[in-house]
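Every number in this text was worked out from the coordinates using simple rules, so none of it is lab data. Please read all numbers here as calculations on a predicted model, not as lab measurements. Reconstructed Cβ throughout: ideal geometry from the backbone, glycine too, with neighbour counts over all protein chains shown.
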Amino acid sequence: MKNVIALLLSLVAVIAAFISCGEEEEIKIPKGDLVESRVAEARFFKGHYNSDEFGFIPCENARSLGQSAVDHLPVQKIDSLEQLEQLKANLRTEDGLFDYSTKLDDAFFEENILLAAYVESGSGSYRYYLSNMYIENGGLTVGISQKLMPPDICVTADMAYWIVLVEVERDKIAGVETFDAIAETRHSYYDEQGDFYSPMLTLDENSKEYYFVYYKDKSRNEIYGSFERNEDNLILKSSDGNLVFDVDGDGLVLEKSTNSDVSSFVKPQTSLTKLR
């Protein structure tokens, strides 16, 4: 059974620093399903990272990369100020992260370590958050998720590289021998019997947000909002009405819709199959 690190570590400070191409801003990281109700600050900084350099940075989980259905992210354990300085040199930037790192010294590393997880993003518009952290079988794993984008937001076509820094107190992870980071995937559902113009649903179980795509006269339409579950149903909520699905194993069946626009183009009893 997974031991939630937040239950073991009520005083661990989690700091996520993300490097991308945007302006500096601060957000609150939502708590994941297995994370205690702590809220940490995430800071976004302007920076650049060349993916070719990943191979030159020591990874704690190198053997896991590309070796399973789980999307493992390169993660580096930073044990000393010297290792932090090397990380900064590899990033080739003097923004954001460097202001944060000036607050760290040898005394900090006597009591803490840093975990640096690397994320390659298909757009500089995407944002990420720390969605999970747990200890299992002597290993510490952090989960990183991409935030769902509202349908009215246009994303840029540029690549972006991010680094997520997590502070962990040494004495709270005694016995941990391995470190890993994973990109936690969202759950997607589609009409297995349909075609290109059939509806598709994406759920983010951590943030409890959804993205529903449907077509009318072959014109794509999207709904973005929050969802909730009860014993038998999944309820997609929106300002124009709700969609209620019966949960059928790993699939979903549309029971009813109070969204008149969706009801006109998505038939009741439409079945959606879990894609991943």
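Grab the beta carbon distance between L275 and V176, set R0 = 25 Å, and tell me the FRET efficiency rounded to 0.05. Intermediate values should be presented prior to the final figure.
Working: r = 34 Å, r/R0 = 1.35.
Computed FRET efficiency for L275 and V176: 0.15.
Report the calculated FRET efficiency for E169 and K88 (r = Cβ-Cβ distance, R0 = 30 Å), to the nearest 0.05. Please list the in-between numbers first.
Values: r = 22 Å, r/R0 = 0.75.
Computed FRET efficiency for E169 and K88: 0.85.
Once amide H atoms are built 1.01 Å from N in the peptide plane, which residues 5 or more positions from E205, or in another chain, come under 5 Å H to H?
H187
Pairs K88/K172; K147/K172; K77/K172: which are spaced more than 23 Å apart, C-alpha to C-alpha? Intermediate results must be reported in sequence, preceding the final value.
Values: K88/K172 26 Å; K147/K172 29 Å; K77/K172 15 Å.
Going by Cα-Cα distance, K88/K172; K147/K172 fall outside the 23 Å limit.
Compare the peptides 73-80, 232-239 by average per-residue count of other Cβ atoms within 10 angstrom and give them in order, highest first. Before the final figure, lay out the partial values.
Numbers: 73-80: 19.5, 232-239: 15.9.
Averaged packing, sorted descending, gives the order 73-80, 232-239.
Quick one: Debye curve from the alpha-carbon atoms of segment 187-274 only, equal weights, vacuum; give me log10 I(q)/I(0) at q = 0.12 Å⁻¹ to two decimals.
-0.30
What net charge is computed for the residues neighbouring K147, neighbours being all others with C-beta under 9 Å from the C-beta of K147, Lys and Arg scored +1, Asp and Glu -1? Each step should come with its number before you reach the end.
Details: positive: R127; negative: D204, E209.
With Lys, Arg at +1 and Asp, Glu at -1, the net is -1.
Need one number: nm distance between label points at K208 and S188, each 7 Å from Cα along Cα→Cβ, rounded to one decimal.
2.5 nm
What is the count of Lys pairs in segment 187-274 whose alpha carbons sit under 22 Å apart, if the two are 8 or more places apart or on different chains?
Close lysine pairs under the 22 Å cut-off: 12.
Once you place label points 7 Å from the Cα toward the Cβ at E110 and N242, how far apart are they in nm?
5.7 nm
To the nearest 0.05, how large is the calculated FRET efficiency for R229 and V155 if R₀ is 30 Å and r is the Cβ-Cβ distance? Don't jump to the answer; show the numbers that get you there.
On the way: r = 29 Å, r/R0 = 0.95.
Once the sixth-power term is evaluated, E becomes 0.55.
By how many nm would the segment from S80 to V253 grow when fully extended, if each residue of separation counts as 0.36 nm and the alpha-carbon distance is taken off? Spell out each step's value before the answer.
Working: separation 173, 0.36 × 173 = 62.28 nm, distance 5.32 nm.
The span from S80 to V253 would gain 57.0 nm if fully extended.
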